[in-house]
Amino acid sequence: MSVARELPRRVVVAGAGPLGALAAIALKRALPRSEVVVVGTPPDPAAFADRAPTGLPFTNRLHDRLGISEERLLREAGASHRLVVRYRGWGGERHEGVAAYGAVVDPRL
């Protein structure tokens with residue numbers, strides 16, 4: 001028989017970008033008696049998610065689990081879903097690419 005472990009009194013999330021904020025919200029909901037502290041860190045030059053002003057379409061499931069409605073995101077944060085991502089210069093000066101979310105990808109984008 002295993003012994004129940006004591007829950008942490010404090011959890012620290014490193015990174016104050018969108019992913020850090022979502023992690024902090026999820027941790028606080030999972031551990032309501034624990035203190036959740038978010039510590040900002042310098043952005044990693046390769047961290048694309050911290051530079052994107054929108055969320056991917058599948059993040060609505062995560063938001064639903066956290067109790068954050070799409071209406072509230074739009075009203076309070078001006079948020080929207082990203083349907084396509086166009087990469088320019090990410091891998092070099094002439095590097096380009098498109099990553100679409102959905103069934104159809106138009107190469108002319």
Take GLU76 and tell me if it is at pLDDT 70 or above and in a loop (DSSP other than H, G, I, E, B).
no
When you scan region 1-36, how many residues do you find that are in contact with a strand residue (DSSP E or B) (Cβ under 9 Å, 6 or more places away or on another chain), closer than 12 Å to LEU66 by Cα and surrounded by 14 or more Cβ atoms within 10 Å (Cβ to Cβ)?
5
Could you list, in sequence order, all residues of region 1-14 that are at pLDDT 85 or above and part of a loop (DSSP other than H, G, I, E, B)?
ARG5, GLU6, LEU7, PRO8, ARG9
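Of all residues in region 15-32, how many are of a type in the set (Val, Ile, Thr) and assigned to a loop (DSSP other than H, G, I, E, B)? Outline the logic, then answer.
Of all residues in region 15-32, those of a type in the set (Val, Ile, Thr) come to 25.
This time we only want the ones that are assigned to a loop (DSSP other than H, G, I, E, B), so: none.
Residues that pass the stated criteria total 0.
The values are calculated or read from the model by the stated rules, or taken from the named source; none is laboratory data. All of these numbers come straight from a predicted model, not from anything done at the bench. Cβ atoms come from the backbone with ideal geometry, glycine included; neighbour counts cover every protein chain shown.
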